[in-house]
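Peer 1: Shown below is the structure under consideration.
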Amino acid sequence: MPTQIDKQTMGALLRDHAFMDALIERHFIAKVWGTELGDWAKADPKNQKFLRWLLAQPAVMDEVMLTLTPSADFARIDDSWNIGRILESWKEIYFADEASRQGLYSRLAAACSIRPPGTANRGAGQAKENSSVLERYAHFRKAHSDGELMPSFDKLSMWEMTHVVSSPASNSDLEWGREALNTWKPGFRKGENIIGMASQVWRRGANGVSYNDMSLVMGAGGKCGPRSSFGVFINQSFGIPAIGVGQSAHAEYQQ
């Protein structure tokens, strides 16, 4: 075996689909649980079935790793990050809905497992108890099937979807957000201007109001914090990725 691989040989290897698929599988296994993965597979026949499917999906495994790769250069070079124990909740979705095994719904299932409900920025109107991963998947699966989400949702990457499904709002609030906009300001759907709904939040907060849900955030209003929370929420309710951004004594949203 040569001690060095030249540029031409490496280029050929990178164009070899079988080689790349094997490399992806090896890296994925190492990043999940390492030696514990075998024990997990043996623990339940369903684990084995799910794992056989997943290890035959190099594109899915590759996108999971891209989604979870740290953005900081030093962390990428160090390569000590790991995928974490996402397989249990992902397996549950796999057996609950056959559609989760391919295409858009495969990305949705993985995104829900990678960033479960409530793991996004916490803010006003957040749910007291987060829904399960399966419940969040089912919520957006149905909303998409019913044509309630924005068309851009169909083209979201797995990473982008994590900034939708991780919303700390309850599933009932996400449904309410769509109903509220569609009833009151349906014009905001044009050009996917969903963020326009945040301008309807009263700019001065009412004293003594607890923001127990997103309808109260809309009704009671507030300055930067509640408005930022609502802006993130209303985008996510329509399947548009958004995050809250904290600043010194200030908050805003980005989509």
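The values are calculated or read from the model by the stated rules, or taken from the named source; none is laboratory data. Here the structure is a predicted model, which is why all the values come from computation and not from measurement. Because the Cβ atoms are built from the backbone with ideal geometry, glycine has one as well, and the counts that use them run over all protein chains shown. All accessible areas refer to the heavy atoms of the entire protein, side chains included, with ligands and DNA or RNA removed. Shrake-Rupley method; radii C 1.70, N 1.55, O 1.52, S 1.80 Å.
Peer 1: Using a Förster radius of 25 Å, what is the FRET efficiency between LYS142 and ASP39 based on their Cβ-Cβ separation? Nearest 0.05, please.
Peer 2: Working: r = 35 Å, r/R0 = 1.41.
According to the calculation, E is roughly 0.10.
Peer 1: Would you mind computing, in nm to one decimal, how far apart the modelled labels at ILE243 and LYS190 are, each placed 7 Å from Cα along Cα→Cβ?
Peer 2: 3.2
Peer 1: Another question about this same structure. Could the peptides 90-96, 234-240 be put in order, highest first, of the mean number of other beta-carbon atoms found within 10 Å of their residues?
Peer 2: Values: 90-96: 19.4, 234-240: 26.1.
Peptide ranking by packing, descending: 234-240, 90-96.
Peer 1: At a 1.4 Å probe, what is the % contribution of carbon and sulfur to the accessible area of the stretch 91-135?
Peer 2: 43
Peer 1: Related question: Place the peptides 42-51, 154-163 in order of packing, highest mean first, counting for every residue the other Cβ atoms within 10 Å and averaging per peptide.
Peer 2: On the way: 42-51: 13.6, 154-163: 17.8.
Put in order of decreasing packing, that is 154-163, 42-51.
Peer 1: Using 1/(1 + (r/R0)^6) with R0 = 30 angstrom and r between the beta carbons of ALA56 and SER172, what's the FRET efficiency to the nearest 0.05? Each step should come with its number before you reach the end.
Peer 2: On the way: r = 37 Å, r/R0 = 1.23.
Efficiency, rounded to the nearest 0.05: 0.20.
Peer 1: Round to a whole angstrom and tell me the spacing of the C-alpha centers of the stretch 112-144 and the stretch 179-203.
Peer 2: Measuring centre to centre over Cα atoms gives 21 Å.
Peer 1: Sticking with this one: I'd like to check one number: the per residue accessible area of the stretch 7-115, probe 1.4 Å, reported in Å² as a whole number.
Peer 2: Details: 6310 Å² over 109 residues.
Per residue, the stretch 7-115 has 58 Å² of solvent-accessible surface.
Peer 1: Just the projected area, averaged over all directions, of the convex hull on the alpha carbon atoms of the stretch 78-198: how many nm²?
Peer 2: Working: hull surface 35.0 nm².
Average projection, Cα convex hull of the stretch 78-198: 8.8 nm².
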